[in-house]
1. Starting with the fewest neighbours, write out 165, 70 ranked by other beta-carbon atoms found within 10 Å of each beta-carbon.
2. Quick check of the Kirkwood formula: for the range 11-120, what is the inverse mean of 1/r over all pairs of different Cα atoms, in Å?
3. Subtracting the Cα-Cα distance from 0.36 nm times the residue separation, let me have the gained length for residue 135 to residue 27 in nm, one decimal.
4. Residues in the range 182-216 near a label at residue 222, defined as backbone nitrogen under 12 Å from the 7 Å Cα→Cβ point?
5. If you find the alpha carbon centre of the range 11-90 and of the range 138-195, how far apart are they in angstrom?
6. Can you compute the modelled spin-label distance between residue 157 and residue 128, with each label point 7 Å from Cα toward Cβ, in nm?
7. Would you mind getting me the FRET efficiency between residue 237 and residue 266? Use the beta-carbon distance for r and R0 = 30 Å, nearest 0.05.
8. Grab the Cα-Cα distance for residue 86 and residue 194, subtract it from 0.36 nm times how many residues apart they are, and report the gain in nm with one decimal.
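Coordinate-derived values only; no laboratory data. Given the structure is predicted, the values throughout are model-derived calculations rather than measurements. Every residue, glycine as well, gets a Cβ built from its backbone with ideal geometry; the counts of neighbours run over all protein chains shown.
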């Protein structure tokens, strides 16, 4: 019995992707391996230039390849991935950790061959990559995050220049990049040196008094540090302009991705962060978009006299109204059942010794029951 189980466990691997190829991505060149029976030279090297990438795709098509597994570091894989995906290949970017701990692989040639063999037996899993339009939005969001980090470094350079001049503004104002801090810094760069004149530029919400701010603004005012402060402020403004352009591109991309007819409900009121986009992410302005029934319902609800709450949830109460109509006998097909039940109940009341006799006759009993029954109103 144990021998039979061992024989079953030694069953060979099945080919799941017989037309698979493996590519080891590099910065200057890519090594590609196809099944050994497809070409006299199953392993080739292609440069990373665009013309060579097109030759690589044509060679894979001639070899009958339909699935490609590639291993890469950094972002060198993106151009080839997009090119092969546009040509109809099934492309998988595999994790290098899944294939690195294999003894005997010491060159890029053996790497691509090993990738091709593992992919042939379906032993590799590709990383997730969204659709092309979502990739565009993701790239713009990442660019915006990079600009925010660059702008934050400019704020650190401002603080360094102030500390070197012994301007302790950061100890009395929470954020030198805020409204009060920026007003004071721009006045310093413009040539103002009087502490009390600078202190009067603070916002009314700043807790520190004018005397405290004036004491923090007494420093050395060295020329080299003032020059560094001016350049840091210019870099801060430059990043701010780039952030505005990035927000415009993100808004345009969101409009291209707006394909649904249902508008989102209003979100919770929250304090808007300083680095948040300058447009509404939940309800971007979309011209010439076909409106659905929800938009018409909101329009009717907002302009109806009295603004009854029932109109807002009418589309959710259809099953409830149906049940009430059944109880009230308003739905055809259910009236007969209710009428038959009433006739049986009336017959029981009129029988000798029944409840009708005790109540003074079937008519009085029917009248008392009818008076005590409350039916839901017809909707």
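1. 165, 70
2. One over the average 1/r among Cα pairs gives 13.9 Å for the range 11-120.
3. 36.7 nm
4. Within reach of a label on residue 222: no residues.
5. Distance between centres, Cα-based: 49 Å.
6. 3.8
7. 0.30
8. Full extension from residue 86 to residue 194 adds 32.5 nm.
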